[in-house]
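Notes follow once the structure below has been shown.
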Amino acid sequence: MNEPVLLVIAHGSRDPRHARTVHALVERVRSMRPGLRVETGFLDFNVPSVHGVLQSLDGDGVRDVVALPLLLTRAFHAKADIPAVLRQAPSRLRIRQADVLGPSPLLRAALERRLYEAGLTPADKSSTGVVLASAGSTDPEAIAVIAAIAREWRHTGWCAVRPAFASASLPRTEDAVAELRALGCARVAVAPYVLAPGFLPDRIARGAAGADVLADVLGPAPEVARVLLERYDAARRPALTALGA
């Protein structure tokens, strides 16, 4: 049986760094699963569009697709935008929508990777406060997930971990940095919980001006690529089970 095509659905951005980072992540996924066809479609700003990729797959004779939202939380895009686009797909395509990437222990490992790449070491954990800085959302479920990740991450040895948001919610990154300073953490690090550069990640970076360390976005970290493949495998598993695989 042919494996379903993996269609990675990214938000898109006017910032060219966004698409470059998405493509780098997809290339890493391809390198980790040779033979798997992986395509990328964007909801806005960039090409190819999700609709265009679906039309192309149909023209190629593809029949099974796993559509994977390149999102860290289940907010509006995952609940409304992406299902709406998929409903417009050619009728011959069988499409399963995979879960969003987060939360996952692998993403937390990717966050720590980026902090260590920015200059911290495991020995710094007990004296370092971390701001878990996400893009933000008006969706209460998404905000609750970010807060839960911060609480869980705190229990792995950091001095403290505080969530922050670049839009829609509070506190802002700069306010969380100030709070960790007031708590007495010897150093403060900002860990962007975002996948690619763009307008909101830049706002996070500006808010990190008072921190000692600013990590890079998650981007094509190997842990992120592994999460994509985990979500793909989970989405295709019901069909495999039905076939007795």
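Over the chain, DSSP H runs of length four or greater, each weighted -39,500 (n - 2.57), average out per residue to a 222 nm ellipticity of -13000 deg cm²/dmol. Computed over the Cα atoms of the stretch 1-142, the ratio of the radius of gyration to the Kirkwood radius (Rg/Rh) comes to 1.02. Restricting the calculation to Cα atoms, every distinct pair contributes to the Kirkwood radius of the stretch 116-160, found to be 11.7 Å. Across the stretch 86-102, computed HN-Hα scalar couplings (Karplus, 6.51 cos²θ - 1.76 cosθ + 1.60, θ = phi - 60°) run 5, 5, 8, 5, x, 5, 6, 7, 9, 10, 10, 8, 6, 5, 5, 6, x Hz from first to last residue, x flagging Gly and Pro. Basic side chains Lys and Arg get +1 at the Cβ, acidic Asp and Glu get -1 at the Cβ, and with that the dipole of the stretch 1-102 about its Cα centre reaches some 140 debye. Here the stretch 94-231 has an Rg and Dmax of 14.4, 55 Å, counting Cα atoms alone. Evaluated with a Cβ-only charge set (Lys, Arg +1; Asp, Glu -1), the chain carries a dipole of roughly 260 debye about its Cα centre, given to the nearest 20. Under a model in which nothing but the beta-carbon of Lys, Arg (+1) and Asp, Glu (-1) is charged, the stretch 174-226 shows a dipole of about 60 debye around its Cα centre.
Compute the FRET efficiency between Ser167 and Met32 as 1/(1 + (r/R0)^6), taking r as their Cβ-Cβ distance and R0 = 30 Å, and round to the nearest 0.05. In this case the efficiency is close to 0.40.
Please report the orientation-averaged projected area of the stretch 57-98, defined via the convex hull of its C-alpha atoms, in nm². So the mean shadow area of the Cα hull is 2.9 nm².
Taking the chain as the reference, fit the longest principal axis to its C-alpha atoms, fit the long axis of helix 222-242 to the helix C-alpha atoms, and give the angle between the two in degrees, 0 to 90, nearest 10. That helix lies at roughly 40 degrees to the long axis. At q = 0.12, 0.14, 0.16, 0.17 Å⁻¹ the log10 of I(q)/I(0) for the chain amounts to -0.69, -0.89, -1.11, -1.22, computed by Debye summation with a single uniform scatterer per C-alpha, solvent ignored. Seen from every direction in turn and averaged, the convex hull around the alpha carbons of the stretch 1-69 projects onto 4.5 nm². A viscosity of 1.306 mPa s and a temperature of 10 °C, combined with the Kirkwood radius over Cα pairs in Stokes-Einstein, give a translational diffusion coefficient for the stretch 81-143 of 102 µm²/s. Each residue of the stretch 139-197 gets 95 Å³ once the volume of the Cα convex hull is shared out per residue.
Sorting 4-12, 49-57, 83-91 by average packing, meaning the other beta carbons within 10 Å per residue, from highest down gives 4-12, 49-57, 83-91.
Every number in this text was worked out from the coordinates using simple rules, so none of it is lab data. What you see is a predicted model, and the numbers here were worked out from it, not measured in a lab. Cβ atoms come from the backbone with ideal geometry, glycine included; neighbour counts cover every protein chain shown.
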